[in-house]
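Below: the structure, in structure tokens.
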Amino acid sequence: MDEITSRYDPTGIEDKIYEFWLKEKLFTPDVNSKKPSYTITIPPPNVTGRLTLGHILNNTIQDVIIRYKKMNGYETLWLPGMDHAGIATQVKVEEDRLLPRGIKKHDLGREKFLEEVWKWKEEYANVIRAQLKKMGCALDWTREQFTLSEEYSKKVIRVFVELYHKGLIYRGERIINWCPRCLTALSDEQVETRETSGKLYYIKYPIKNSKDFITVATTRPETMLGDTAICVNPKDKRFQSIIGKTAILPIMNREIPIIADEYVDLEFGTGALKVTPAHDPFDFELSKKYNLTIINIMNPDGTMNENADPYRGQERFETRKKIIEHLKSLDLVEKIDNYTVPIGICERCETPIEPRLSKQWFVKMKPLAGPALEVVRDGRIKIYPKRWVNLYNHWLENVRDWCISRQLWWGHRIPIYYCKNCYHENDNETSKGIIVSETKPEQCPQCGSREISQDEDVLDTWFSSWLWPFATLGWPEQTQDFKRFYPTQTLATGWDIIYLWVARMIMAGLEFTKNIPFSNVVFHPMIRDEKGRKMSKSLGNSPEPMDLIAKYGADALRFGLMLITPREQDVLYSEKSIDVGRKFCNKLWNASRLIMTTFSDSPETLPTELTDFDLWLANEFNQLLKDLEYYLERFELNALARRLYDFVWHRFCDWYLEIIKIPPYNKQNASKYFLRQLLKLLHPFIPFITEEIYQKFSDDRKKSILLEEYAKPIKIKKSVNIVNETITLIEEIRNIRGLFSIPAQEMLNIIISTDEERQKFINKNNLLFQRLAKVSSIMFDSKPQTSVATIVLPQYVVYVILRGIDVEKEKKRLKSEIEFLTQRIDELKNRLNNPRYLNQAHIEIQQKEAKRLEESLIKIEYIKKAIANL
RNA sequence: GGGCGAAUAGCUCAGAUGGUGAGAGCGUCUGCCUUACAAGCAGAAGGUCACCCGUUCAAAUCGGGUUUCGCCCACCA
């Protein structure tokens, strides 16, 4: 045992143990076992880069759950994999790989570019694998999946085709969210809104053949170049005379009609709305309703195009400034107010999105939403914590169609083919010349032409991720894995992707497998820094998890995080908490060291003869098991971790281990048994150190702690009340020592008055008092001759003999105790005389309180006597 | 404009169906190098459980309202 140092150093141990687990194939389930299965599919990390602290949290939660389930008799599968993350990866490769070399994506061409991305993918997939292994994740690497693998892609395409034939996928020309930097369409869910301080510009539009103006208010004056109407509310008295007239669009000098529609808010701005159909969703609706001209004034990259001629080629926000200057010079700016403008930004690159009119592919979501709402409503899928159900329901009840086409190269190419003969871009009939097919058709089924081209766009990343729980398990084939492991049990993820991913997975599972994809959804919080700010690269408050592991060890990182992760609020991360995790590991390490050196002869199985203190710990242990089960069922891992921390430190180490160092318990105790049980309970949180300690046990053990049977409650036939009382006695004596500033070395003499049984127990455990409370002599039932401090407990009166006690201080202490007791007695008496209380309160509570009253009455008498004797 | 959540010790948070003198970690103070651990041990101080009203024999806990903070959703430009 001498190679075990007093400081736990995870260096080297963790890697070695992970290798061992892999070698023993502990993470690969036996598909033929008779055990019930328990499956988690990992939320696939993006191959964009390295794992963040958020991933550490997410994966620790899953690892804890899967390890507990394995030890509780389930055939577990935790399936790893990664997401190709279309936009993010493509943009990263462009910027990190091509830009430094001065290469542009289009110079390279689609195929060559994709080769580059695949290279990147391989590189980062390796990084991510290594990081998950460093963390200790019990992932079955033999089943790793990738959303853009050849096999997975087939499933994605199949789903597209199926939905198309069901009439749930269509192409439409609409205003969509466009990122001028990523140069692609985005779904509504990929756009974040941010309140920014902006301006509300009031611009005067001259009315034709008149000297009058109509003033409109806008936050985006640059779009005026594309205005094709002005709209007022038909009820608006101010504008009755000019409805139907024509205004002159300044700068462009275009004649535009003044129309009326109920939509326009009389209260806002001037009550007149400029209509820019190509750059605002509602204006677009208006244009359809009133057959207005649609003029697109912007290029995809956010610069002005030929339709905005004076400003052609200029950036949109620059244009805004210039247009205002221009209008000012024409004296057409009435005023400019400060105004808070909510703007949409690209969730990836934070560029303000541009509403852009274009043809995109959409999924009709309404038909899919109903069943998804139902399975949560009827409890087939449970969401933890419950409050997220509201958000889930709200989104599904108001779900809008999903724009799934992306103007990218990295992704699943849309399986739509156009016949050169039959298809015409501007046809209103949408299906003419369009062929949807899982494989490229040889010829057009309508005209037989062989000139067929595939849609250039790819699918939204989430269009592949939403199939994750079943596509990864073999679907659509009825594979052994699919039959055995689907539906899965639990999904753990952050609440931020409740719409993007979770709700859609539920919809997809129900639509394609006719089954729920998982039974439990565990939402965990987001990680923020100490000040509550989001982790971000620009703030530099996002620590590199691998550095933390190198510094503290993976166990410390995992446990520290679990200790500070609240159920319902964001995690406020600080490195200190990881240090707490490390200290805990060190504590466990040293406790094990004590047991394995000092008590090496004690049995690892539960001894048939348990000492009083073994029984005491057994009792505490049983309560611990109950609590752990309660928390685990509810996925309250934070409470679970805290409970374990508290038990190990403050019950096991502080009391039990201290006691068993003292004869006669040092000869015979159950410490090895308890340690073994505790290691098992701790293992899911801190897998490495628990395995390491476990391996150092005698040969009477399984290959790995992960194969151990879960801890069971211990049968206790005898009451442990006296032990509990003894601990309280010791605490009270220590407390007196502190109150009267008695030096730590000074041994105390005490007098105890109690019944015979308790006297016997105290005599038997005399040494405990000596060692833990520094009491040298205990006398029974004699009258104190000198000054004493008095402790009154339900079954005991203890006099601590003190030389030169501060009598006044003791009097004051006892008097305040009397005050407290008097108050309590009054309260309890009142209650016990209240008929309603007697009628309604639980009988156990009444008994408990009656006992408390009785004890308080006795106690107060003794304290009064003690004061009299002072 | 709707909806959700939070408010408990100096800080970060636990407190299960209402019932123990409201707890932990960190920080602060006091005393200890007690042969597992000074990354430790033994103590202490510090709380009208945001505020008001109500329900109840009994409220940190349940209901209503107020205030402050955070988040989500929403086509008033």
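The values are calculated or read from the model by the stated rules, or taken from the named source; none is laboratory data. Quantities reported herein were computed from a predicted structural model and do not represent experimental measurements. Every residue, glycine as well, gets a Cβ built from its backbone with ideal geometry; the counts of neighbours run over all protein chains shown. Side chains are part of the model used for accessible areas, which takes the heavy atoms of the whole protein and leaves out ligands, DNA and RNA. Shrake-Rupley method; radii C 1.70, N 1.55, O 1.52, S 1.80 Å.
Return the FRET efficiency for the residue pair A:Glu451, A:Leu330: r is the Cβ-Cβ distance, R0 is 45 Å, and the value is rounded to the nearest 0.05.
Computed FRET efficiency for A:Glu451 and A:Leu330 comes out at 0.30.
For a quick check: with amide H placed at 1.01 Å from N, whose amide H comes under 5 Å from A:Ala492's, ignoring anything fewer than 5 positions away on the same chain?
Counting only residues 5 or more places away or on other chains, the set is A:Val522.
Quick one: give the max-minus-min coordinate of the C-alpha atoms of chain A along each principal axis, largest first, in Å.
116, 65, 56
Taking 8 Å as the Cα distance limit and 6 or more residues as the minimum spacing, I'd like the relative contact order of segment A:187-243 as a percentage.
Computed value for segment A:187-243: 22 percent relative contact order.
Run through segment A:718-754 and list the trypsin sites (Lys or Arg not before Pro) located in a DSSP loop whose Cβ has at most 14 other Cβ atoms within 10 Å.
Answer in residue order: A:Lys718.
What number in nm² do you get for segment A:667-744 if you take the convex hull of its Cα atoms and divide its surface by four?
Convex hull of Cα atoms, orientation-averaged projection: 8.7 nm².
As a test, work out the antiparallel percent of DSSP beta bridges whose residues both lie in chain A, rounded to the nearest 5.
70
Where in segment A:436-471 does the label zone of A:Asn421 land, with the point 7 angstrom along Cα→C-beta and an amide N cut-off under 15 Å?
A:442-453
Between A:Tyr290 and A:Lys848, 0.36 nm times their residue separation minus their Cα-Cα distance comes to what?
Answer, rounded to one decimal: 193.0 nm.
Provide the FRET efficiency to the nearest 0.05 for the A:Thr608-A:Lys23 pair, computing r from the beta carbons and using R0 = 60 Å.
Taking R0 as 60 Å, the efficiency between A:Thr608 and A:Lys23 is 0.95.
With Rg and the Kirkwood Rh both taken from Cα atoms, where does Rg over Rh land for segment A:716-870?
In segment A:716-870, Rg relative to Rh is 1.02.
Taking 0.36 nm per residue of sequence separation and subtracting the Cα-Cα distance, how much length would be gained by fully extending the chain between A:Arg110 and A:Thr11, in nm to one decimal?
Going from the current span to full extension adds 31.1 nm.
If contacts are Cα pairs under 8 angstrom and at least 6 residues apart, what is the relative contact order of segment A:533-622 in percent?
Relative CO of segment A:533-622 lands at 20 percent.
Which shape class applies to segment A:769-829: rounded if a/c is under 1.5, otherwise prolate when a/b exceeds b/c and oblate if not, where a ≥ b ≥ c are the square roots of the Cα gyration tensor eigenvalues?
Since a/c reaches 1.5 and a/b is larger than b/c, the shape of segment A:769-829 is classed as prolate.
Can you compute the helix-only [θ] at 222 nm over chain A? Use -39500 (n - 2.57) per DSSP H run of at least 4 residues, normalise by all residues, nearest 500 deg cm²/dmol.
-12500 deg cm²/dmol, from helical runs alone.
Taking R0 as 41 Å, what FRET efficiency do you get between A:Glu731 and A:Phe697 from their Cβ-Cβ distance, rounded to the nearest 0.05?
The pair A:Glu731/A:Phe697 has a calculated efficiency of 0.80.
On a straight-distance basis, which lysines could pair with A:Lys702 in a cross-link, Cα separation under 16 angstrom, same-chain partners fewer than 8 positions away excluded?
A:Lys23, A:Lys25, A:Lys70, A:Lys672, A:Lys680
Filter the GluC sites (Glu not before Pro) in segment A:742-843 to those in DSSP coil with at most 14 other Cβ atoms within 10 Å of their Cβ, and list the result.
A:Glu746
Return the loop-located GluC sites (Glu not before Pro) in segment A:459-567 (DSSP other than H, G, I, E, B) with at most 15 other Cβ atoms within 10 Å of their own Cβ; answer none if there are none.
Those satisfying the criteria are A:Glu477, A:Glu530.
Can you list residues from other chains, or at least 5 along the same chain, whose modelled amide H is less than 5 Å from the amide H of A:Asn541?
A:Ser536
What does the accessible area per residue of chain A come to in Å², with a 1.4 Å probe and no ligands, DNA or RNA counted?
That works out to 46 Å² per residue.
Expressed in nm to one decimal, what extension gain is obtained for the pair A:Glu746 and A:Arg528 from 0.36 nm per residue of sequence separation less their Cα-Cα distance?
Fully extending the segment from A:Glu746 to A:Arg528 adds 73.5 nm.
Could you work out the percent of alpha carbon pairs in segment A:207-314 separated by over 22 Å, rounded to a whole number?
28
Taking 7 Å along the Cα-to-C-beta vector as the label spot, tell me the A:Glu633-A:Arg181 distance in nanometres, rounded to one decimal.
4.9
Where in segment A:843-867 does the label zone of A:Asn834 land, with the point 7 angstrom along Cα→C-beta and an amide N cut-off under 18 Å?
Residues A:843-854 fall inside that zone.
Place the peptides A:696-703, A:561-568 in order of packing, highest mean first, counting for every residue the other Cβ atoms within 10 Å and averaging per peptide.
Most protected by this proxy first, the peptides run A:561-568, A:696-703.
Just how large is the dipole of chain A about the Cα centre, in debye to the nearest 20, putting +1 at every Lys and Arg Cβ and -1 at every Asp and Glu Cβ?
So the magnitude is around 1380 debye.
Please name which of A:Leu114, A:His55, A:Leu561 has its Cα lying farthest along the dipole of chain A towards the positive end, using unit charges on Cβ (Lys, Arg +1; Asp, Glu -1) and the Cα centre as origin.
Result: A:Leu561, furthest along the dipole toward the positive end.
Using 7 Å Cα-to-Cβ label points, what is the A:Arg377/A:Glu861 separation (nm, one decimal)?
It is 6.6 nm.
Give the whole-number value, in cubic angstrom per residue, of the convex hull volume spanned by the C-alpha atoms of segment A:73-169.
With only Cα atoms used, segment A:73-169 gives 150 Å³ per residue.
Give the distance, in whole Å, between the Cα centre of segment A:27-103 and the Cα centre of segment A:434-493.
21
Taking H placed 1.01 Å from N in the peptide plane, check which residues at least 5 places from A:Gln145 or on another chain put their amide H under 5 Å from its amide H.
A:Gly81, A:Met82
Quick one: pull the percentage of alpha-carbon pairs in segment A:1-108 with a separation above 25 Å.
48
Under the Karplus relation 6.51 cos²θ - 1.76 cosθ + 1.60, θ = phi - 60°, what is the ordered set of whole-Hz ³J(HN,Hα) values for segment A:296-307, x standing for Gly and Pro?
8, 10, 10, 7, x, 8, x, 9, 6, 9, 4, 6
Within straight cross-link reach of A:Lys335, meaning Cα distance under 27 Å, which lysines are found once same-chain residues fewer than 8 apart are removed?
Partners within reach: A:Lys199, A:Lys204, A:Lys208, A:Lys211, A:Lys235, A:Lys237, A:Lys245, A:Lys274, A:Lys321, A:Lys322.
Round to a whole number: what % of the accessible area of chain A belongs to carbon and sulfur, probe 1.4 Å?
48
Does segment A:406-543 classify as rounded, prolate or oblate by the C-alpha gyration tensor (a ≥ b ≥ c root eigenvalues; a/c under 1.5 gives rounded; else a/b over b/c gives prolate, otherwise oblate)?
oblate
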